[in-house]
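For reference, the structure discussed in these notes is given below.
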Protein chains: 2
Amino acid sequence: MSEVVNMEQTILESATELFLKKGFKATSTTEIAKEAGCNQALVHYYFRTKDRLFEAIFQQKVKFFVGALLDIGKEELPFLEKLEKKVISHFEAIESNPRLPLFFLNELSANPNRIDTIKQAVGNLPQQAVHQLEKELNSDIEKGAIRPVSVRDLLMSIVSLNIMAFMGAPMFKVMTGISEEDYQKFLNQRKMENVRIILKSLEPEVES
Amino acid sequence: MSEVVNMEQTILESATELFLKKGFKATSTTEIAKEAGCNQALVHYYFRTKDRLFEAIFQQKVKFFVGALLDIGKEELPFLEKLEKKVISHFEAIESNPRLPLFFLNELSANPNRIDTIKQAVGNLPQQAVHQLEKELNSDIEKGAIRPVSVRDLLMSIVSLNIMAFMGAPMFKVMTGISEEDYQKFLNQRKMENVRIILKSLEPEVES
DNA sequence: AAACTATTTAATAGATTTATTAAATAACAA
DNA sequence: TTGTTATTTAATAAATCTATTAAATAGTTT
């Protein structure tokens, strides 16, 4: 039972929670300090400025998020099986960090400059991974195993379905009048539904 | 050429643009006034408080957005054809208001209280529309024309695919390294790709 | 034109926010 | 214990933000 907590770490965690919930501008260092249980000046002692604190968190989260999306399964599996695993692991990554997508998109909207932070954080890793996926995809397309589809469309579909299941929850709940409990049930089956949608969307057209 | 502009209207438009881009907290009445080309006090003269101004805009946008999602085609068409039209019109509604979804979701995250504004603005219209859609959907499922799927899953799929094509653009561009011009091309074909995905996802399972 | 109303601005009070500084406290090493 | 360094706090400067008020300007009516 370490009663002594690392205040720098605590501040970082409080800041993360608040930034994720309310964004950069709507979160004050005063609030962060209060949440962390320390004096407001301490936030600046450890992180100098609010912006630096934010950037540290932003970068770290970008790396995590992009990693979760990209880490292409190394196993030697048929493409469609690998894809299914990918959809599932991506869904689960978002499930355990449901606020991340909104956090990124909102911050980019409010301050497009942050795009540079992202670029710098991810490098050309994404392009490589996309290219690798594209090769495997095209190979299966040529075999006639799946219908012709661009890697961009496929990626966009996966990301859209997985992210919106969590990010869209508040709106979706109001629209459908669903309870929190039922929404959890919905989410539980949604992971495999997304897999189904992606796989069915890739099925070759039937002869007419 | 009416050189005389209605300043109240101009303020509303400037505020809308800024709120949509940066959210409630990150937008100041000073900034709104500057954008509108008037004195800051005038913003308060017409709208009393920043919050009232925001609420007016928020409500109006919610009604528009929900309307665009729900207005179920009145024509007598086969379900799948009606659905295709629905997907397309929903896509186009977002296309002409690409910032709306992020605006709602971010504001709800920062201030969950606003959920009441939404509930009040939309009433039980959504539930009714969902229920109507559900009837038609189930009817086609019973006929065996489409695979068993819940109306919630179907709605979530449509909304996810359409919204993320626009809302996710900034992230997607970085990840794929695509140019603005190519992204426009991507969007142009994405509408029908979404239709394809939805329709294919509804195809009955083939006999094994 | 005079009187009245609506619009717009300048000035400012009162909060809040970020960041800095100096002082106080705690932790540690000599 | 004493000197040294690291951590934490209190106080506060400077900037910014919302909202109000009073005065100025423009527009209308009589």
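How large is the Rg to Rh ratio of region B:94-167 when both quantities use alpha carbon positions and Rh follows Kirkwood?
1.06
State the Cα centre-to-centre distance between region B:184-208 and region A:35-113 in whole Å.
Measuring centre to centre over Cα atoms gives 29 Å.
Provide the FRET efficiency to the nearest 0.05 for the B:Thr49-B:Glu134 pair, computing r from the beta carbons and using R0 = 45 Å.
Working from the Cβ atoms, E equals 0.65.
Which of the GluC sites (Glu not before Pro) found in region A:10-115 are in a DSSP loop and have at most 12 neighbouring Cβ atoms, other than their own, within 10 Å?
The qualifying sites are A:Glu75, A:Glu76.
Count, for each residue of A:100-110, the Cβ atoms from other chains sitting within 10 Å of its Cβ, then give me the mean as a whole number.
6
Return one whole number: the accessible area per residue of chain B in Å², for a 1.4 Å probe.
Computed with neighbouring chains in place, this is 49 Å² per residue.
Find every distance from the label point of A:Lys173 to the corresponding label point in the other copies (7 Å from Cα along Cα→Cβ) and write them in nm, one decimal, shortest first.
Nearest first, the other copies' label points are 3.3 nm away.
With Kirkwood's inverse mean 1/r over C-alpha pairs for Rh, give me the Rg to Rh ratio of the protein assembly as shown, two decimals please.
0.99
State, as an integer percentage, the relative contact order of chain A based on alpha-carbon contacts under 8 Å between residues 6 or more apart.
In percent, rounded to a whole number, it is 21.
Of the candidates A:Arg152, A:Arg190, A:Arg99, which one comes out as most mobile in a Gaussian network treatment of chain A with C-alpha springs shorter than 10 Å?
A:Arg152
Tell me the relative contact order for region A:27-129 as a rounded percent, counting alpha carbon contacts under 8 Å between residues six or more apart.
29 percent
Once you've got the Cα coordinates, tell me which of A:Lys25/B:Lys25; A:Lys85/A:Lys119; B:Lys50/B:Lys119; B:Lys61/B:Lys191; A:Lys82/A:Lys135; A:Lys191/B:Lys143 are over 18 Å apart.
Exceeds cut-off: A:Lys85/A:Lys119; B:Lys50/B:Lys119; B:Lys61/B:Lys191; A:Lys191/B:Lys143.
Leaving out ligands, DNA and RNA, and with a 1.4 Å probe, what % of the accessible surface on chain A is carbon or sulfur?
Exposed carbon and sulfur together represent 53 percent of the surface.
Can you tell me, using C-alpha contacts under 8 Å and at least 6 residues apart, the relative contact order of region A:1-48 as a whole percent?
About 37 percent, as a whole number.
Leaving out same-chain residues fewer than 8 places away, which aspartates and glutamates sit with a Cα under 15 Å from that of B:Lys86?
Answer for B:Lys86, where 15 Å is the Cα cut-off: B:Asp71, B:Glu75, B:Glu76, B:Glu95, B:Glu134, B:Glu136, B:Glu193, listed by chain and number.
List the accessible area buried at the contact between A and B, summed over both sides and calculated with a 1.4 Å probe, in Å² to the nearest 100.
The summed interface area works out to 5200 Å².
Calculate the all-directions average of the projected area of region B:55-202's alpha-carbon convex hull, and give it in nm².
9.7 nm²
Excluding A:Phe47 itself, what net charge comes from residues whose Cβ is under 11 Å from its Cβ, given Lys and Arg +1 and Asp and Glu -1?
Taking every Cβ under 11 Å from that of A:Phe47, the sum is 0.
Let me have the 222 nm mean residue ellipticity of the protein assembly as shown computed from DSSP H runs of 4+ only, each contributing -39500 (n - 2.57), with the sum over all residues rounded to the nearest 500.
That calculation yields -24000 deg cm²/dmol at 222 nm.
The values are calculated or read from the model by the stated rules, or taken from the named source; none is laboratory data. If you're wondering where the values come from, they're calculated on a predicted model, not measured in any experiment. As a convention, Cβ positions derive from the backbone with ideal geometry for all residues, glycine included, and neighbour counts pool all protein chains shown. SASA here: full protein model, heavy atoms, side chains in, ligands and nucleic acids out. Shrake-Rupley method; radii C 1.70, N 1.55, O 1.52, S 1.80 Å.
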